[in-house]
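Below is one structure, written out as structure tokens; comments come after it.
The values are calculated or read from the model by the stated rules, or taken from the named source; none is laboratory data. Since the structure is predicted, the reported quantities are computational estimates derived from the model, not experimental observations. All Cβ positions, glycine included, derive from the backbone under ideal geometry; neighbour counts span all protein chains shown.
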There are 2 protein chains.
Amino acid sequence: MVMLEAWEGLKPDRKAVERVVGALAANFGNRLVTSQAVREQHGNTLTWIGNQPPDAVVFPQATEDVQRIVRLCAAERVPVIAFGTGTSLEGQVNAPRGGICIDFRDMNRLVAVHAEDLDCVVEAGMTRKKLNEQLRDQGVFFPIDPGADASLGGMAATRCSGTNAVRYGTMKDNVLSLKVVLANGEVISTARRAKKSSAGYDLTRLMVGSEGTLGIITELTLRLAGIPEAIASGICPFPSVEAACKATILTIQSGIPVARIELLDTLQVRASNAYSKLTLPETPMLFVEFHGTEASVAEQSQRFGEIAQEFGGGPFERATQAEERSRLWQARHDAYWAQCGLRPGTYALATDVCVPISRLAECVTETQRDIAANKLVAPIVGHVGDGNFHVGLMVDLGDKDEVARVHAFLERLVERALAMDGTCTGEHGIGQGKMKYLPAEHGEAALDTMRAIKRALDPLDIMNPGKIV
Amino acid sequence: MVMLEAWEGLKPDRKAVERVVGALAANFGNRLVTSQAVREQHGNTLTWIGNQPPDAVVFPQATEDVQRIVRLCAAERVPVIAFGTGTSLEGQVNAPRGGICIDFRDMNRLVAVHAEDLDCVVEAGMTRKKLNEQLRDQGVFFPIDPGADASLGGMAATRCSGTNAVRYGTMKDNVLSLKVVLANGEVISTARRAKKSSAGYDLTRLMVGSEGTLGIITELTLRLAGIPEAIASGICPFPSVEAACKATILTIQSGIPVARIELLDTLQVRASNAYSKLTLPETPMLFVEFHGTEASVAEQSQRFGEIAQEFGGGPFERATQAEERSRLWQARHDAYWAQCGLRPGTYALATDVCVPISRLAECVTETQRDIAANKLVAPIVGHVGDGNFHVGLMVDLGDKDEVARVHAFLERLVERALAMDGTCTGEHGIGQGKMKYLPAEHGEAALDTMRAIKRALDPLDIMNPGKIV
């Protein structure tokens with residue numbers, strides 16, 4: 001810990017950075033870029049956390065390239081930050097101490113598909129949509145869908161999830177093995193391709209969610225699912241957020257294997273109606289989807305409809321046509337853009353927390369009251385089957401008082417989630433933005449354990465420093 | 001690593017052990033036991049790995065007791081070994097350097113059930129059968145079933161799984177959070193009760209499968225499943241292991257959410273017929289089970305029957321009565337006892353490997369050939385949906401040549417699994433018995449990473465030393 005503290009906030013020696021950049025230029029030619037514009041694009045750009053660009057950006061083409069970069073940086077104690085598509089939301093790609101950004105743009109190959117084993121191997125820069133396009137004709141798909149067309153390396157690094165997680169799990173459940181370049185430049189495979197193993201420490205799960213602070217993911221072996229024979233989607237209005245949450249709980253308790261169950265609060269429905277040209281009733285709404293055989297999705301839909309009715313919801317309208325289904329889910333994925341339309345000219349800020357599902361209605365309802373009491377504009381959407389929800393805050397950055405109210409609101413949101421045995425982030429990760437909440441969430445002893453692991457694997461603190469611990 | 005090597009094989013100072021035992025006696029009275037018989041019961045007893053008893057056994061009643069024990073041991077650098085029910089198969093509970101065994105017999109309470117959240121909190125000594133008895137009237141159950149009525153702390157420590165894993169996952173998927181006493185006596189909670197989180201390193205998964213070498217689990221928050229509305233079981237004969245494996249692959253690829261799919265080879269069927277008074281045809285056999293609604297299990301059964309037929313298997317006979325179903329699964333669980341009956345007076349040795357499912361038929365068939373060529377008696381049963389299978393070796397320990405052939409066979413079995421991108425153990429763990437295979441499975445760099453984590457969390461090497469790394 002002393003070592004980290006002594007190093008905290010220190011910028012690497014400028015001369016050392018220059019030597020590394022020089023060596024990288026000699027090695028990588030025009031795959032090394034130092035222009036101001038490109039460097040700024042590789043710092044945080046999506047949220048109100050400031051932009052902290054790296055000193056240079058390098059585009060490797062193979063794991064061996066990444067090893068060379070890390071070794072050069074380690075020798076000069078210069079930070080290394082991995083970059084996928086830059087869609088992380090808590091400043092994960094920022095370079096607070098400068099350093100070298102490794103952009104995986106050119107490492108985007110599908111290395112192997114093992115359809116019989118329901119797995120595939122991809123390079124870290126492959127994006128999820130591109131992967132699914134390439135898998136489609138083999139009857140399999142990769143189910144994790146965080147909305148953005150993120151890179152799979154970044155998705156693993158932030159332990160992301162999204163709408164399908166209620167059925168298919170998160171990245172922690174869908175990564176079989178990782179190829180990782182360690183801080184000393186050595187490369188490891190975290191596991192074999194067997195579906196399960198109890199052979200030693202679970203390095204796979206340790207790397208998933210470590211946000212590039214313990215090693216750099218260059219290749220992933222991913223679990224796939226068979227493309228379902230039938231998919232049924234639909235929407236269901238509810239009189240209250242509480243009724244929608246209670247219907248969700250009973251749906252899951254009843255063992256209905258719902259594939260997606262998404263809550264939109266009234267304000268979000270209004271925003272989506274306007275942006276996506278829908279005509280939904282302006283009341284809390286569940287968007288749901290079922291995967292299975294024709295008979296099974298019909299049965300699931302019917303049972304869900306009955307449960308909804310029990311809580312005063314409904315009617316459950318099933319979108320039978322593929323186009324209609326796509327339009328609904330496009331509207332759900334466009335929730336962010338719809339939010340922006342609610343208050344043009346303001347800044348849209350996305351945050352997430354996750355609580356045990358039994359506390360979700362209470363957490364969302366209290367949060368809505370807090371939003372109203374503080375005169376904020378902030379629709380809520382949620383992966384309600386997991387107890388995970390997002391608040392989209394439309395902030396007038398020119399209004400200092402409003403900015404202060406938003407800051408205080410974000411603190412209370414996390415406190416509220418933690419008080420309900422929840423977490424400060426269900427799927428966005430810690431990055432820089434949520435570091436301050438970790439002591440309250442985990443306690444000092446657990447956080448010290450994380451720090452001890454960080455020091456053990458990255459004694460020079462060069463791997464994405466200034467994040468998580 | 002130097003530190004571990006210097007310490008390797010060293011027994012703690014006898015005087016130090018005596019001081020710890022004295023202090024424990026003063027603290028725990030008759031909950032500290034040092035009799036030879038009890039100490040031997042707490043070393044390995046189930047397999048042919050020798051019995052290495054601890055110096056004393058202590059029975060804590062609360063996490064604070066465990067903290068006191070660990071602090072006393074840490075101060076004197078005396079090993080600490082956690083003990084559940086002693087059913088581990090690779091020498092996990094042995095005390096090669098002596099030390100204090102912590103038996104969780106008296107920490108067996110169900111602390112809380114959150115039926116709406118589908119989770120519960122238990123003390124580490126609770127066994128899975130007892131838990132399910134206590135949960136039954138709430139409509140939920142804990143699905144992991146390793147056969148033995150093991151303690152849940154031990155099940156998490158070895159990352160166990162069993163027959164239901166193909167549908168419900170392994171312990172890694174069904175532990176939400178752990179309370180762990182660290183090597184310095186501090187206690188941590190590894191996570192909140194939220195269903196998912198991306199808040200920092202995944203300490204839960206790091207502890208699951210660490211076999212007490214990184215910390216001692218005292219309490220677990222477990223994921224539960226709703227008791228299915230309908231259960232359908234049945235048996236299906238196949239002309240060959242290959243046909244049975246191919247039917248399994250297609251079943252899973254087709255998205256049939258099979259809850260259990262177990263292979264018994266011809267020799268195992270013969271053994272089970274004799275032991276469990278069944279009249280199954282003596283040919284490879286799949287035992288399967290489906291969970292869901294009445295309509296859904298009927299559909300799953302029908303589809304499975306069709307797939308079986310496609311590969312020359314069948315007829316698929318559904319056990320419609322609960323008693324008939326129980327009798328079948330009892331026979332599956334009694335496979336070990338049935339094996340013993342094949343060659344009375346010999347020693348039964350259980351081992352497991354796991355390979356990608358596409359390689360399973362090949363791996364099992366080659367293993368059967370190896371068994372025959374070496375004149376061994378060794379039936380095979382497998383959690384075939386996960387590519388995991390067990391070989392039960394009936395060994396005449398008095399026959400030195402046979403013992404040598406068994407040793408060589410076990411080496412080849414692991415080499416075969418590794419060559420197929422599999423693992424040396426799917427669910428039994430490493431303990432002492434499989435340490436020698438880890439360099440081949442993970443490579444030195446990954447193993448060094450595990451060692452670095454071990455040193456960071458247990459610098460004195462007192463937590464179950466001599467296991468895994």
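Could you tell me how many of the residues in the range A:416-469 are of a type in the set (Lys, Arg), within 10 Å of another protein chain (Cβ to nearest Cβ) and assigned to a helix (DSSP H, G or I)?
3
Out of A:LEU118, A:LEU152, I need the residue that is buried (at least 19 other Cβ atoms within 10 Å of the Cβ) and more than 21 Å from the chain's Cα centre (by Cα). Which one?
Values: A:LEU152 fails: more than 21 Å from the chain's Cα centre (by Cα).
Result: A:LEU118 is the single residue among A:LEU118, A:LEU152 that is buried (at least 19 other Cβ atoms within 10 Å of the Cβ) and more than 21 Å from the chain's Cα centre (by Cα).
Restricting attention to the range A:230-247, which residues are away from chain B (no Cβ under 12 Å) and either under 30 Å from B:GLY429 (Cβ atoms) or outside any strand (DSSP E or B) (or both)? If you could, list the steps in order and put the result at the bottom.
Of the range A:230-247, the ones away from chain B (no Cβ under 12 Å) are A:232-244, A:247.
A:PHE238, A:PRO239, A:SER240, A:VAL241, A:GLU242, A:ALA243, A:ALA244, A:ALA247, listed by residue number.
Kindly check whether there is at least one residue in the range B:300-322 that is under 24 Å from B:LEU46 (Cα atoms) and either without any contact (Cβ under 8 Å) to a residue 24 or more places away in the chain or of a type in the set (A, V, I, L, M, F, W, C) (or both).
Here is the first cut: in the range B:300-322, the residues under 24 Å from B:LEU46 (Cα atoms) are none.
Within the range B:300-322 (the criterion being under 24 Å from B:LEU46 (Cα atoms) and either without any contact (Cβ under 8 Å) to a residue 24 or more places away in the chain or of a type in the set (A, V, I, L, M, F, W, C) (or both)), the answer is no, since none of the residues qualifies.
Just to verify a result, which residue in the range B:350-374, among those that are touching a Lys or Arg at 6+ places or on another chain (Cβ under 9 Å) and more than 14 Å from every other protein chain (Cβ to nearest Cβ), is nearest to B:TRP337 (Cα to Cα)?
B:THR367
Working only within the range B:311-323, note down all residues that are surrounded by 13 or more Cβ atoms within 10 Å (Cβ to Cβ) and out of contact with any strand residue (DSSP E or B) (no Cβ under 8 Å at 6 or more places or on another chain).
Filtering the range B:311-323 for residues surrounded by 13 or more Cβ atoms within 10 Å (Cβ to Cβ) gives B:311-314, B:316-319.
B:PHE311, B:GLY312 - these are the residues of the range B:311-323 that are surrounded by 13 or more Cβ atoms within 10 Å (Cβ to Cβ) and out of contact with any strand residue (DSSP E or B) (no Cβ under 8 Å at 6 or more places or on another chain).
Just checking, how many residues over the range B:55-103 are closer than 17 Å to B:VAL181 by Cβ and among the polar types (S, T, N, Q)?
So the count comes out to 3.
Given the criterion under 21 Å from the mean Cα position of the chain (by Cα) and at pLDDT 95 or above, identify the matching residue among B:GLU444, B:GLU402, B:GLU427. Explain how you work it out, then say what you get.
Values: B:GLU444 fails: under 21 Å from the mean Cα position of the chain (by Cα); B:GLU402 fails: under 21 Å from the mean Cα position of the chain (by Cα).
Answer to the selection: B:GLU427.
In the list B:GLN92, B:GLN134, which residue meets the criterion of being modelled with pLDDT of 95 or more, outside the structural domain of B:THR346 (by TED's automatic domain parsing) and surrounded by fewer than 20 Cβ atoms within 10 Å (Cβ to Cβ)? Walk me through how you get there before you give the answer.
Details: B:GLN92 fails: surrounded by fewer than 20 Cβ atoms within 10 Å (Cβ to Cβ).
The match here is B:GLN134.
Residues being within 14 Å of chain A (Cβ to nearest Cβ) and of a type in the set (A, V, I, L, M, F, W, C): count how many of those fall in the range B:375-398. Lay out the reasoning, then the answer.
Taking the range B:375-398 first, the residues within 14 Å of chain A (Cβ to nearest Cβ) are B:382-390.
Applying the additional criterion that residues be of a type in the set (A, V, I, L, M, F, W, C) yields B:384, B:389.
Residues that pass the stated criteria total 2.
So A:VAL469 ticks every box in (1) farther than 16 Å from A:VAL355 by Cα; (2) modelled with pLDDT of 95 or more but one. Which box is left unticked?
(2)
Of all residues in the range A:281-301 being over 28 Å from the mean Cα position of the chain (by Cα) and among the acidic types (Asp, Glu), which is farthest from the other protein chains (Cβ to nearest Cβ)?
In this case the residue turns out to be A:GLU282.
Table: residues versus (1) in a loop (DSSP other than H, G, I, E, B); (2) without any contact (Cβ under 8 Å) to a residue 40 or more places away in the chain; (3) more than 26 Å from A:PHE142 (Cα to Cα).
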{"site": "A:PRO54", "(1), (2), (3)": "yes, no, yes"}
{"site": "A:ARG68", "(1), (2), (3)": "no, no, yes"}
{"site": "A:ALA82", "(1), (2), (3)": "no, no, no"}
{"site": "A:SER88", "(1), (2), (3)": "yes, no, no"}
{"site": "A:ASN94", "(1), (2), (3)": "yes, no, yes"}
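Do we have any residue at all in the range B:339-349 that's modelled with pLDDT of 95 or more and not assigned by TED's automatic domain parsing to the domain that holds B:LEU286?
So the first thing to find is which residues in the range B:339-349 are modelled with pLDDT of 95 or more, and the list is none.
No, the conditions are met nowhere in the range B:339-349.
Looking at B:VAL414, B:VAL377, can you tell me which residue is in contact with a Lys or Arg (Cβ under 9 Å, 6 or more places away or on another chain) and either assigned by TED's automatic domain parsing to the domain that holds B:VAL241 or under 30 Å from B:ILE81 (Cα atoms) (or both)? Reasoning before the result, please.
Values: B:VAL377 fails: either assigned by TED's automatic domain parsing to the domain that holds B:VAL241 or under 30 Å from B:ILE81 (Cα atoms) (or both).
Every option except B:VAL414 fails the conditions.
Exactly one condition in (1) within 12 Å of chain B (Cβ to nearest Cβ); (2) farther than 23 Å from A:ILE468 by Cα; (3) among the hydrophobic types (A, V, I, L, M, F, W, C); (4) touching a helix residue (DSSP H, G or I) at 6+ places or on another chain (Cβ under 7 Å) is false for A:MET126; which is it?
(1)
Filter the range A:379-397 down to the residues that are more than 22 Å from A:ALA271 (Cβ to Cβ) and outside any helix (DSSP H, G or I) and list them by number.
A:GLY387 - this is the single residue of the range A:379-397 that is more than 22 Å from A:ALA271 (Cβ to Cβ) and outside any helix (DSSP H, G or I).
Which of (1) surrounded by 24 or more Cβ atoms within 10 Å (Cβ to Cβ); (2) facing chain B (nearest Cβ under 9 Å) is the odd one out, the single condition A:ILE227 does not satisfy?
A:ILE227 satisfies every listed condition except (1).
Which helices (runs of 4 or more DSSP H) does the range A:248-364 wholly contain that include 2 or more residues that are among the polar types (S, T, N, Q)?
Working: elements: A:266-276, A:294-310, A:322-333, A:335-342.
Where helices (runs of 4 or more DSSP H) fall fully within the range A:248-364 and carry at least 2 residues being among the polar types (S, T, N, Q), they are A:266-276, A:294-310, A:322-333.
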